[in-house]
1. With respect to residue 79, is the statement that it is under 20 Å from residue 203 (Cα atoms) and among the hydrophobic types (A, V, I, L, M, F, W, C) true?
2. Among the residues of segment 169-197, which ones are closer than 30 Å to residue 234 by Cα and in contact with a helix residue (DSSP H, G or I) (Cβ under 9 Å, 6 or more places away or on another chain)?
3. Report the residue count in segment 94-134 for those that are within 27 Å of residue 216 (Cα to Cα), assigned to a loop (DSSP other than H, G, I, E, B) and in contact (Cβ under 8 Å) with a residue 60 or more places away in the chain.
4. Would you check if residue 204 is exposed (fewer than 14 other Cβ atoms within 10 Å of the Cβ) and either in contact with a Ser or Thr (Cβ under 7 Å, 6 or more places away or on another chain) or closer than 24 Å to residue 106 by Cβ (or both)?
5. Let me confirm something: among 142, 152, 136, which residue is more than 30 Å from residue 60 (Cβ to Cβ) and within 27 Å of the chain's Cα centre (by Cα)?
6. If I ask for residues that are open to solvent by less than 70 Å² (accessible area, probe 1.4 Å), aliphatic (A, V, I, L, M) and more than 12 Å from residue 391 (Cβ to Cβ), which ones from segment 274-293 would you list?
7. Show the residue pairs meeting these rules: Cβ distance below 8 Å; 6+ apart or different chains; first residue within segment 199-224 and under 21 Å from residue 15 (Cβ atoms); second residue small (Gly, Ala, Ser) and open to solvent by 50 Å² or more (accessible area, probe 1.4 Å).
8. Can residue 267 be described as more than 28 Å from residue 182 (Cα to Cα), at pLDDT below 90, assigned to a loop (DSSP other than H, G, I, E, B) and within 25 Å of the chain's Cα centre (by Cα)?
Amino acid sequence: MKIHEYQARELLENAGVPVPAGTMLESIEAAAGVYKDVTSQAGTTMAVIKAQVHAGGRGKAGFVKLIHSADEATEAARFMLSNRMVSNQTGEEGLEVKKLLVAAGVDIAHEYYLAITVDRGTRRNILIASREGGVEIEKVAEENPDAIIKQEIHPLLGLQAHVARKVAFQLGFTGKQVGQAVKVMMNLAKLFEEKDCSLAEINPLIVTPPSDAHPDGEVLAIDAKFNFDDNGLFRHKDIQALFDPTEENPAEMRASRMGLSYIALDGNIGCLVNGAGLAMATMDTIKLHGGEPANFLDVGGGATEEAVTEAFSIILSDPAVKGIMVNIFGGIMDCAVIAQGIVNAAKSIGFTVPLVVRLEGTNVEAGREILKQASADLPTLEAASDLGDAAAKVVKAVG
């Protein structure tokens, strides 16, 4: 689960990580008043207004703007709330912007990158940091890998203060900046653990120029991103309350309610498979034969006729789908039962696109016979002998 930046900033502030003043708004009319409140609170005339969407590339798309007056705030809000944001992460259709963040602007002496995520290789949480903040960390890792600092976090003791201090010195913090940076790291690590995060990212973490109040500069979190482990959400009602369904794919939401694992892709061949590994192999085989999968859909090991019917309906809700491949391995499941469920589901929905079905496993011959007999009533239905045969047939059927 993802949340918006304004929500992430609130989590950071509650966890003891300093962030500039900011407020979320949802209307053009409110922009001027919010700008005045935020800048008055921070004692500045400079603010930044940002689109709140679950996609990157906002700045390059023109959906992050620096403003210096109430009129500029209104104009920026009008542009962002009246246009779809198109970036390299949204595709050509872009995303509708419904919420904005207005945050107090601050002078920046230096930008850093700081994040905690899960290292699947070591099975530990890992702290990632860099002196090159404010840019895409993937680009930094590719062009200058030596600029990335990685520090494993002890699975029982968590992030220890002396380890955080070592990272702070590696990043080049000096004077009282060191203590501030250590506090940010420690609080971020605690928040990551307590809320079952899969990613907690601050980019950029900044240091302000020296001032009377902060002779060594002030360490602040300017932008933040959080992802949460869906399997741990039952423990966190407060995090569940932050969920914004309007930012999710409607088909994926619909599948989730049925207990189906569905991810929309860009191809034209729908996939209905039982088992995540088999689903990955199915998509790879379709690609091998020159096709493009339209989705990942795992109906699980105990797929019911109701679930299969809903899965077909979800797949066909994508107008790009020109054919469907079903790949079922009947281990615990009886292939005859699954075959009948597929036939019933197909009849109830009314197929107009090619449907290629491959069955294997328990009672497979009876299942194949059911499919053969059903082909008279379902002219788009075609049985396949194996995975490669199924992929070849569906790719040929969709052209």
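1. no
2. Selection gives 183, 184, 185, 186, 187, 188, 189, 191, 195, 196, 197.
3. Residues flagged as within 27 Å of residue 216 (Cα to Cα), assigned to a loop (DSSP other than H, G, I, E, B) and in contact (Cβ under 8 Å) with a residue 60 or more places away in the chain within segment 94-134 amount to 7.
4. In short, no.
5. Unique residue meeting the criteria: 152.
6. Once the filter is applied, which keeps residues that are open to solvent by less than 70 Å² (accessible area, probe 1.4 Å), aliphatic (A, V, I, L, M) and more than 12 Å from residue 391 (Cβ to Cβ), segment 274-293 yields 276, 278, 279.
7. 206/109; 207/109; 208/109; 218/211
8. no
The values are calculated or read from the model by the stated rules, or taken from the named source; none is laboratory data. All figures in this text were calculated on a predicted structure; none of them were measured in a lab. Every residue, glycine among them, receives a Cβ derived from its backbone with ideal geometry; neighbour counts consider all protein chains shown. For the accessible areas, the whole protein counts, side chains as well, though only heavy atoms, and no ligand, DNA or RNA atoms are used. Shrake-Rupley method; radii C 1.70, N 1.55, O 1.52, S 1.80 Å.
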